[in-house]
Amino acid sequence: MPLDLTASSIDITRQLCDIESVSGNEAALADAIVAALADAGHLELSRHGNTVVARTRLGRARRVIIAGHLDTVPVNGNLPTRFETEEDGAASVEYLWGRGTVDMKAGVAVQLKLARELATPAVDLTWMWYDNEEVDASMNGLGRLARIRPDLFAGDFAILGEPTNGAIEGGCNGTLRFELRTHGKRAHSARPWVGENAIHKIAPILATLAAYEPRSVDVDGLVYREALNAVTISGGVAKNVIPDECTVHVNYRFAPSRSGEEAIAYMRELFAGYDLTVADLSEGARPGLDAPLARGFLAALGVEAKPKYGWTDVARFSALGVPAINYGPGDALLAHADDERVALYQITDCERGLRAWLTASDG
């Protein structure tokens, strides 16, 4: 299905969403993007698997990287897209309903329209649209691109089009997933006194988790709220056997004031005496709002800066020394939901704000 980038950013959002691109199935959408930008003479196009990069080479003093992911979580009866109107008090709000509208094809639509139309922006631009963001971090297209083409990440500032309700969200929390194991001894459940129940031994772990008071941490003027939760529990081999092992899977979302290693050390201290195995770790990112371009962007948009509680790929830019923020249309609370939908005014507002800043004489 061809993309018409001369259409409105709202219509482009609908076009993008109606090209289903669940993680691992982004090829058709990447094909459509390459075809739609192929004759844009001001852009240098390259493709790396199903990640597409477009760059200007205007010799500007500063370069901004703007990125968005192409994949979505699985569809569940919410494609094709449709328009809906909802009453919000005395006002009516128009929405585009469907998978990917919030996370994050509305943001990508704005980016594609501007990439096509802005032949002489005030800064040089590197646009990145990448695959496999919604799955295991080892498959992430942006991470893969950073490994094979780190030169493409040279820039002074980065914007990731994650849904923020049109606000600017600085940095992100880090995320640590780990397993806590208890061990026992198998026995017949009719004679438990000759065994040792590993499931019963997790009670203190659950008590610690239930009693945990999340920290609120000020990092460079933004207050990040941490979270510590059990997400799954597994154990037992049969309904008549005392279990000899039980595993609690825990997710710790930590403020970017802590490094990943510090987060691991803190969890080992909190759960001292238990067998703890790290399953996955992604560093957080500080707000990045002290960078000159970030300050200018914040002033130009005149919106409130907020913290990003979830993890996003701004952390990848931060790790490479590029200050980065999240900015895009859509309510993150609706991401991945069956009733995922984006307010149309947020799409046009984000396009207007980003266009104005990118064409301003002072960047």
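Readers should treat all values here as calculations from the given coordinates under stated rules, not as data from a laboratory. Quick caveat: nothing in here was measured; it's all calculated off a predicted structure. Backbone-built Cβ (ideal geometry, glycine too); neighbour counts: all protein chains shown.
Brief remarks follow.
- Note on the stretch 174-282: dipole from Cβ charges, positive end direction compared against Ser257, Thr182, Thr277; the farthest Cα belongs to Thr182.
- Residue order, fewest to most surrounding Cβ atoms within 10 angstrom, among Tyr224, Tyr345, Tyr95: Tyr345, Tyr95, Tyr224
- Helix 27-37 axis versus longest C-alpha principal axis of the chain: approximately 20°, rounded to the nearest ten.
- The ranking of Glu134, Glu162, Glu213 by Cβ neighbour count inside 10 Å, starting from the fewest, reads Glu213, Glu134, Glu162.
- Cut-off 20 Å (backbone N to label point 7 Å along Cα→Cβ of Val237), residues of the stretch 190-210: 190-202
- Magnitude of the charge dipole, the stretch 228-351, Cβ model with Lys/Arg +1 and Asp/Glu -1, debye to 20: 260 debye
- For the stretch 330-339, putting each phi into the Karplus relation 6.51 cos²θ - 1.76 cosθ + 1.60 with θ = phi - 60° gives couplings of x, 8, 4, 5, 9, 4, 6, 6, 5, 9 Hz, in residue order, rounded to whole numbers and with x for Gly and Pro.
- Footprinting exposure proxy for Ser257, Ser21, Ser318, Ser216 (fewest neighbouring C-beta atoms within 10 Å first): Ser216, Ser257, Ser318, Ser21
- Sequence-distant contacts, meaning Cα pairs under 8 Å at least 6 residues apart, place the relative contact order of the chain at 23 percent.
- The string of couplings for the stretch 13-22 from the Karplus curve (6.51, -1.76, 1.60, θ = phi - 60°) is 4, 5, 4, 4, 5, 6, 9, 4, 9, 4 Hz, one whole number per residue in order, with x for Gly and Pro.
- C-alpha long axis of helix 344-359 to longest principal axis of the chain, angle in °: 60 degrees
- Scanning residues 5 or more positions from Val219 or on other chains, those with amide H under 5 Å from its amide H are Tyr224, with H placed 1.01 Å from N in the peptide plane.
- Dipole size of the chain about its Cα centre, with +1 on Lys/Arg Cβ and -1 on Asp/Glu Cβ: approximately 900 debye, rounded to the nearest 20.
- Residue with peak Gaussian network fluctuation, the chain [Cα springs, cutoff 10 Å], from Asp11, Asp124, Asp220: Asp220
- Degrees, to the nearest 10: 292-301 long Cα axis against longest axis of the chain: 80 degrees
- Summarising the amide proton neighbourhood of Ile66: residues at separation of 5 or more, or on other chains, whose placed amide H is nearer than 5 Å comprise Thr126, Trp127, Met128, Ile159.
- Two-site label geometry, Asn229 and Glu117: point separation in nm, points 7 Å out along Cα→Cβ: 3.9 nm
- Figure legend: label point modelled 7 angstrom from the Cα of Asp39 along Cα→Cβ; no residues of the stretch 114-130 have amide N under 14 Å from it.
- The stretch 94-138 and the stretch 209-240 have their alpha-carbon centroids 31 Å apart.
- Pairs of lysine residues in the chain - Cα separation under 20 Å, sequence separation of 8 or more or cross-chain: 5
- Relative contact order of the stretch 174-282, taken over Cα pairs closer than 8 Å and 6 or more residues apart, is 43 percent.
- Fraction of beta bridges assigned by DSSP in the chain that are antiparallel (%, nearest 5): 75 percent
- Between Asp88 and Thr6, the C-beta separation translates, for a Förster distance of 22 Å, into a calculated FRET efficiency of about 0.10.
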